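Enquirer: Once you've had a glance at the structure underneath, I'll fire off some questions.
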Amino acid sequence: MFVKYLAAIAALVTGSIVTTAVQAAEWPTAKPIRLISVFPPGGSVDQVARTLAPALQAQLKQTVIVENIGGASGMIGTAAVAKAEPDGYTFGVVFDTHAVNPSLKEKIPFDTRKDLAYVTMVGTAPMVLAAAKNAGITSFKQLVDQAKAKKPNTFGSIGTGSLGHLAMAQLAKNSGFDWTHVPYKGGGPLMQDAVGGHIPLSIGSLFLIKPHADAGNVIPLAVTTSVRSRDMPNVPTVAESGYPGFEAPAWWGVIAPAKTPQTVIDRMHSEIATVLKNKEISDKLDQQGMDIVGLGPDKFREFNERQMSIWGKFVQENNIRD
């Protein structure tokens, strides 16, 4: 009886392995691919997803559908990826909040380390602190002078625990500034209020802020990378403005459910890497201020681990909660 039981278990395991191998071999011909943007339309994550999707569709000769599942700083959309069937037909585009959420959220419905596979780190970009045109602030120096004079101010970010939020919170804490944070549900809603003059300061990726700055709808004050952005050469860094060592770049990446066949993960990374070498695509991302890096699965996972450690520690030490 026990031998029959072991044989049955072995048959199930073998069948599962064979099924997975067949699925991987036929990928991506079985059905359309879902590319989940974990933030709402209008923000940088959505723009990255919608830039990649048509190019991937052309290469793979399979429909690639962008689906926006926003909320909770990307956590709701990421949960949808984690819980999806690991058959190679669901992927997600995440932002820097991905590495912060595990230490920020009290009840996260997935394990960031165990329930997700890492496919490609697409690129990085500076964060940009910008002022609304009606805020009366035209330079970072002026903002700092006001803060040192104990004048309170308010800044908006794409959400609690976003890199923009944490970078500003870190600067405010280290400098004793009285800055109040207003979280938004993504870059689209944030910039709508920033352009409308409903929030005096906004911080987001250069990918998000630059089009509005170029149009003259907001005033860029500073960037959060250690060197100036080639896309905004006249905008100073926070580091050169009296805060040496300050650095907080934004980043974007593509993930998948854990247990997605490694052959599919590797193939998808290869396809994305090819897309990123397409001049039309790279120019489009470059115009939005992104530095394309194209890290593969192992290096992307390692990068995410470092980010989780750095910002997770800051969140815990400062008792930041959503």
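The values are calculated or read from the model by the stated rules, or taken from the named source; none is laboratory data. All of these numbers come straight from a predicted model, not from anything done at the bench. Cβ: placed from backbone, ideal geometry, glycine included. Neighbour counts: every protein chain shown.
Enquirer: Of everything in the range 99-110, what is surrounded by fewer than 24 Cβ atoms within 10 Å (Cβ to Cβ) and either in contact (Cβ under 8 Å) with a residue 12 or more places away in the chain or under 14 Å from the mean Cα position of the chain (by Cα) (or both)? Give them in sequence order. Walk me through it before giving the result.
Expert: First pass over the range 99-110, keeping only residues surrounded by fewer than 24 Cβ atoms within 10 Å (Cβ to Cβ): 102-103, 105-110.
PRO102, SER103, LYS105, GLU106, ILE108, PRO109, PHE110, listed by residue number.
Enquirer: Also, quick follow-up: Considering each of THR124, THR120 in turn, give the residue that is more than 27 Å from ASN217 (Cα to Cα), crowded, with 16+ Cβ neighbours inside 10 Å and polar (S, T, N, Q).
Expert: After ruling out the rest, the residue left standing is THR120.
Enquirer: While we're on this one: Take the residues of the range 299-314 that are touching a strand residue (DSSP E or B) at 6+ places or on another chain (Cβ under 9 Å) and in contact (Cβ under 8 Å) with a residue 24 or more places away in the chain: which is surrounded by the fewest Cβ atoms within 10 Å (Cβ to Cβ)?
Expert: Within the range 299-314, the subset touching a strand residue (DSSP E or B) at 6+ places or on another chain (Cβ under 9 Å) is 299-304, 307.
Restricting the remaining residues to those that are in contact (Cβ under 8 Å) with a residue 24 or more places away in the chain gives 299-301, 303-304, 307.
Working: LYS299: 14, PHE300: 23, ARG301: 18, PHE303: 18, ASN304: 23, GLN307: 16.
Here the residue is LYS299.
Enquirer: Check PHE91 against each of (1) in contact with a Lys or Arg (Cβ under 8 Å, 6 or more places away or on another chain); (2) over 22 Å from LYS277 (Cβ atoms); (3) buried (at least 24 other Cβ atoms within 10 Å of the Cβ) and name the one condition it does not meet.
Expert: So the condition that PHE91 fails would be (2).
Enquirer: I need the strands (runs of 3 or more DSSP E) fully contained in the range 184-268, keeping only those with at least 1 residues that are closer than 24 Å to GLY159 by Cα, in contact (Cβ under 8 Å) with a residue 24 or more places away in the chain and in the same structural domain as GLY88 (by TED's automatic domain parsing).
Expert: Numbers: elements: 201-205, 218-223, 250-257.
Answer list for the range 184-268: 250-257.
Enquirer: If a residue must be within 18 Å of THR112 (Cα to Cα), part of a helix (DSSP H, G or I) and acidic (Asp, Glu), how many such residues does the range 269-322 contain?
Expert: Looking only at that region, the number is 3.
Enquirer: Out of the range 257-277, which residues are out of contact with any helix residue (DSSP H, G or I) (no Cβ under 6 Å at 6 or more places or on another chain) and among the polar types (S, T, N, Q)?
Expert: Within the range 257-277, THR260, GLN262, SER270, THR274 meet the criteria.
Enquirer: For the range 92-117, which positions are over 23 Å from ASN318 (Cβ atoms), not β-branched (Val, Ile, Thr) and not in a loop (DSSP other than H, G, I, E, B)?
Expert: GLY92, LEU116, ALA117
Enquirer: Please go through the range 48-65 and give me each residue that is crowded, with 18+ Cβ neighbours inside 10 Å and touching a helix residue (DSSP H, G or I) at 6+ places or on another chain (Cβ under 7 Å), ordered by number.
Expert: Passing the criteria: THR51, LEU52, ALA55, LEU56, VAL64.
Enquirer: Would you please name the residue that is farthest from the chain's Cα centre (by Cα), looking only at residues in the range 16-30 that are modelled with pLDDT of 95 or more and surrounded by 12 or more Cβ atoms within 10 Å (Cβ to Cβ)? Lay out the reasoning, then the answer.
Expert: Residues of the range 16-30 modelled with pLDDT of 95 or more: 27-30.
Checking which are surrounded by 12 or more Cβ atoms within 10 Å (Cβ to Cβ) leaves us with 27-28, 30.
On the way: TRP27: 26, PRO28: 25, ALA30: 29 Å.
In this case the residue turns out to be ALA30.
Enquirer: For the range 63-91, give me each residue that is assigned to a helix (DSSP H, G or I) and either in contact (Cβ under 8 Å) with a residue 60 or more places away in the chain or closer than 18 Å to ARG301 by Cα (or both). Full working, then the answer.
Expert: Narrowing the range 63-91 to residues assigned to a helix (DSSP H, G or I): 72-83.
Result: ALA72, SER73, GLY74, MET75, THR78, ALA79, VAL81, ALA82, LYS83.
Enquirer: Let me ask something additional. Against the definition (of a type in the set (Ser, Thr, Tyr), within 14 Å of the chain's Cα centre (by Cα) and at negative phi), how does SER44 come out, yes or no?
Expert: On the way: of a type in the set (Ser, Thr, Tyr): yes; within 14 Å of the chain's Cα centre (by Cα): yes; at negative phi: yes.
Against the criterion (of a type in the set (Ser, Thr, Tyr), within 14 Å of the chain's Cα centre (by Cα) and at negative phi), SER44 qualifies.
Enquirer: More than 19 Å from the chain's Cα centre (by Cα) and among the basic types (Lys, Arg): which single residue out of LYS185, LYS210, LYS173 fits that description?
Expert: Only one candidate qualifies: LYS173.
Enquirer: Restricting to the range 66-78, give me the number of residues that are hydrophobic (A, V, I, L, M, F, W, C) and surrounded by fewer than 21 Cβ atoms within 10 Å (Cβ to Cβ). Talk me through it step by step, then tell me what you get.
Expert: First pass over the range 66-78, keeping only residues hydrophobic (A, V, I, L, M, F, W, C): 66, 69, 72, 75-76.
Next, only the ones that are surrounded by fewer than 21 Cβ atoms within 10 Å (Cβ to Cβ) stay: 66, 69, 76.
Here the count works out to 3.
Enquirer: Moving on. Name, by its number, the condition in (1) of a type in the set (Ser, Thr, Tyr); (2) surrounded by fewer than 16 Cβ atoms within 10 Å (Cβ to Cβ); (3) at pLDDT below 95 that does not hold for THR225.
Expert: That leaves (2) as the condition not met.
Enquirer: Just a yes or no: is a residue in the range 137-152 in a helix (DSSP H, G or I) and within 23 Å of PRO41 (Cβ to Cβ)?
Expert: We begin by selecting, within the range 137-152, every residue in a helix (DSSP H, G or I); these are 140-148.
Retained after the next criterion (residues that are within 23 Å of PRO41 (Cβ to Cβ)): none.
Scanning the range 137-152, I find no residue that is in a helix (DSSP H, G or I) and within 23 Å of PRO41 (Cβ to Cβ), so the answer is no.
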